[in-house]
1. Report yes if residue 37 is loosely packed, with under 10 Cβ neighbours inside 10 Å and under 27 Å from residue 72 (Cα atoms), otherwise no.
2. Looking at the stretch 74-109, which of the residues that are at pLDDT 85 or above and among the β-branched types (Val, Ile, Thr) is nearest to residue 56 (Cα to Cα)?
3. Does residue 6 meet the test of being of a type in the set (Val, Ile, Thr), part of a loop (DSSP other than H, G, I, E, B) and either under 26 Å from the mean Cα position of the chain (by Cα) or on the phi < 0 side of the Ramachandran plot (or both)?
4. Hey, among the residues in the stretch 46-76 that are of a type in the set (A, V, I, L, M) and not in a helix (DSSP H, G or I), which one's surrounded by the most Cβ atoms within 10 Å (Cβ to Cβ)?
5. Would you check if residue 14 is assigned to a helix (DSSP H, G or I) and within 26 Å of the chain's Cα centre (by Cα)?
6. What pairs come up if the first residue lies in the stretch 65-85 and is at positive phi and free of Cβ contacts under 8 Å to residues at least 24 places away in the same chain, the second is loosely packed, with under 10 Cβ neighbours inside 10 Å and small (Gly, Ala, Ser), and their beta carbons are under 9 Å apart, counting only those six or more places apart or on different chains?
Amino acid sequence: MQIDHTLYMKRRIASQIGLALSMSAMAVGLAVLIWILYILFSNGLSALDLKLFTHDTPAPGTEGGGLRNAILGSLMIVTLTVLRQSALMHFEVLSLHKILESLWIKLHN
């Protein structure tokens, strides 16, 4: 069987160009991420203290405040979602069990 070397070389060059472009995009994305994290940690570590997590968010235009209500709201949403999904999953497992049980009985009788 004859191998068309020109087609092979075209595909290999296209593959290398695509790989180089994707690696360049990854490098730019990582550079931006590292830059953002550097700025965040260099400017933001001084603001981390217990008040940030234990005080409510202040009214607009006032100084200080924290994230307590945002953290509690997120925890409430996650808790309610887990409870609801657990109940739904239990119902789905029971339904699937009944369906498979009836299929098993039909196949073996």
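The values are calculated or read from the model by the stated rules, or taken from the named source; none is laboratory data. Predicted, not measured: the structure shown is a model, and the values here were computed from it. Here the Cβ is made from the backbone with ideal geometry for all residues, glycine too, and neighbour counts use every protein chain on show.
1. So residue 37 fails the test.
2. 77
3. no
4. Result: 67.
5. Here the answer is no, as residue 14 does not meet what is asked.
6. What qualifies is 65/59.
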